[in-house]
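**Q** Here you go, one structure.
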Amino acid sequence: MRTLIRKDFEEAFQKVDVIVAPTAPTPAFRIGEKTGDPLQMYLCDILTIPVNMAGIPAISIPCGFNHEGLPIGLQIMGKHFDEGMLLRVAYAFEQNTGFHLKKPTLI
């Protein structure tokens, strides 16, 4: 399975420099919210698993907030050994949005 996932990423990176996707399927959860249900907490990492299985570099940065003021993460994935591209893309996003400067608001 790992080989197939890696091959899919390699094919995608023949067409694009980076892949941008959510870091998690939901916004961040409140502190202590999922401690009673570890499976739900682990499922929040589901979108980062293919990246780890493929062994490619990725970075997660803040990209906004939901209607409750909880942060949303953006995952930027890159080619093997192309961490420089990831850092440039993340930096450009941060310089053009300012989300990295904002703090979550709790309602």
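The values are calculated or read from the model by the stated rules, or taken from the named source; none is laboratory data. Small disclaimer: the values here were computed from a predicted structure and weren't measured. Counting neighbours? That spans all protein chains shown, and the Cβs are built from the backbone with ideal geometry, glycine included. The accessibility values were calculated without ligands, DNA or RNA, using every heavy atom of the protein model including side chains. Shrake-Rupley method; radii C 1.70, N 1.55, O 1.52, S 1.80 Å.
**Q** Return the residues of the range 98-107 that are open to solvent by 40 Å² or more (accessible area, probe 1.4 Å) and out of contact with any Cys (no Cβ under 7 Å at 6 or more places or on another chain); say none if nothing qualifies. Spell out how you get there, then give the answer.
**A** So the first thing to find is which residues in the range 98-107 are open to solvent by 40 Å² or more (accessible area, probe 1.4 Å), and the list is 99-107.
Matches in the range 98-107: His100, Leu101, Lys102, Lys103, Pro104, Thr105, Leu106, Ile107.
**Q** Would you mind listing the helices (runs of 4 or more DSSP H) fully within the range 15-107 where at least 3 residues are hydrophobic (A, V, I, L, M, F, W, C) and within 17 Å of the chain's Cα centre (by Cα)?
**A** Correct list: 49-54, 83-97.
**Q** Taking the range 69-107 as the search range and keeping residues that are at pLDDT below 95 and of a type in the set (A, V, I, L, M), which one is nearest to Glu10 (Cα to Cα)?
**A** Going through the qualifying residues, I end up with Ile72.
**Q** With respect to Ile72, is the statement that it is open to solvent by 40 Å² or more (accessible area, probe 1.4 Å), among the aliphatic types (A, V, I, L, M) and touching a Phe, Trp or Tyr at 6+ places or on another chain (Cβ under 7 Å) true?
**A** Numbers: open to solvent by 40 Å² or more (accessible area, probe 1.4 Å): yes; among the aliphatic types (A, V, I, L, M): yes; touching a Phe, Trp or Tyr at 6+ places or on another chain (Cβ under 7 Å): yes.
So Ile72 passes the test.
**Q** Suppose the filter is within 30 Å of Asp17 (Cβ to Cβ) and of a type in the set (Asp, Glu); does Asp37 pass it?
**A** Values: within 30 Å of Asp17 (Cβ to Cβ): no; of a type in the set (Asp, Glu): yes.
So Asp37 fails the test.
**Q** Let me ask another. Under the condition of being open to solvent by 50 Å² or more (accessible area, probe 1.4 Å) and either of a type in the set (Ser, Thr, Tyr) or in contact with a Pro (Cβ under 9 Å, 6 or more places away or on another chain) (or both), which residue from the range 1-59 is nearest to Val89 (Cα to Cα)?
**A** Looking at the filtered set, the residue picked out is Leu47.
**Q** What number goes with the only condition from (1) touching a Pro at 6+ places or on another chain (Cβ under 8 Å); (2) over 21 Å from Glu10 (Cβ atoms); (3) open to solvent by 40 Å² or more (accessible area, probe 1.4 Å) that Asn66 does not pass?
**A** Here Asn66 meets the rest and fails (3).
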